[in-house]
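Working notes, beginning with the structure itself.
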Amino acid sequence: MNPQKIVIAMPAEEEFMPSISRWGHEYVWTKREIYFVHVIKKDISVSEMGVEEIPDKVTVENLKQQMLDFIKNKAREMMPELAFKKAHFEVLFAQSPAERLAEYAKEINAGMIVVATRNKRGFSGLFLSSFADRLLKLSPCDVLVLRPN
């Protein structure tokens, strides 16, 4: 693990952004290699007609560009320009987003993954496994879980 490489799991939902943004504004970006990553769930179904991937290839390319623009804009808001110019941006597709993010962290030899959580409690938190929970189990490195305010 390289402690200088940090993967930031960029959410698409606005409810997660305050936690990520708050952390980003307080973080010291120097001497770090930052990877902003968003993983979109891809479903594969098998029927009499064959194998179908959702989203399809055309939609994948459109989604990828839209998400790249989104995460770049959010990253630009939370970090100094010099650090932004050195940052890496990825949009990945997988049946299991948490599993794919953990694999990605391993591929680049990351030292930490940063992820925001909804912080579910009570009955819903008891039965629903969140992305952050799954990532904690699969990650090859440390995981910083950011709670909402």
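The values are calculated or read from the model by the stated rules, or taken from the named source; none is laboratory data. Quick caveat: nothing in here was measured; it's all calculated off a predicted structure. No Cβ is skipped: glycine too gets one built from the backbone with ideal geometry, and neighbour counts run over all protein chains shown. We work out accessible area using only protein heavy atoms, side chains counted, and drop any ligands, DNA or RNA first. Shrake-Rupley method; radii C 1.70, N 1.55, O 1.52, S 1.80 Å.
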Local charge sum around residue 136 (other residues, Cβ-Cβ under 14 Å, Lys/Arg +1, Asp/Glu -1)?
0
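Tell me, what is the per residue accessible area of region 18-149 in Å², probe radius 1.4 Å? Before the final figure, lay out each step's value.
Values: 8320 Å² over 132 residues.
Accessible surface, normalised per residue, equals 63 Å².
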Excluding same-chain residues fewer than 8 positions from residue 72, which lysines have a Cα within less than 27 Å of its Cα?
5, 31, 41, 42, 57, 64, 85, 86, 106
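Which net charge results when you count Lys and Arg as +1 and Asp and Glu as -1 among the other residues whose beta-carbon is under 12 Å from that of residue 31?
Working: positive: 5, 32, 86; negative: 33.
Value of the local net charge: +2.
Expressed as a rounded percentage, what relative contact order does the chain have, with Cα pairs under 8 Å and six or more residues apart? Walk me through the numbers before you get to the answer.
On the way: 235 pairs, mean separation 51.4, N = 149.
Result for the chain is 34 percent.
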What stretch of the chain, leaving out the sites themselves, is the longest with no trypsin sites (Lys or Arg not before Pro) in a DSSP loop having at most 12 other Cβ atoms within 10 Å?
32-120
Inter-probe distance in nm under a simple model that places probes 7 Å from Cα toward Cβ, at residue 137 and residue 60:
2.7 nm
On the accessible surface of the chain, probed at 1.4 Å, how many percent belong to carbon and sulfur atoms?
53 percent
Working out 0.36 nm times the residue gap between residue 85 and residue 72, then minus their Cα-Cα distance, what length gain in nm do you get to one decimal?
3.6 nm
How are the C-alpha pair distances of the chain spread across 5 Å bins, as whole percents from the shortest bin up?
2, 9, 18, 21, 21, 15, 9, 4, 2, 1, 0
Under the rule of at least 5 residues apart or a separate chain, name every residue whose amide H is placed under 5 Å from the amide H of residue 143.
113
Counting all Cα-Cα pairs in region 13-67, those more than 12 Å apart amount in percent to 78 percent
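Counting only GluC sites (Glu not before Pro) that are in a DSSP loop and have at most 15 other C-beta atoms within 10 Å, tell me the longest site-free stretch of the chain. Numbers along the way, then the final one.
Values: sites that count: 13, 48.
Free of exposed loop sites, the longest segment is 49-149.
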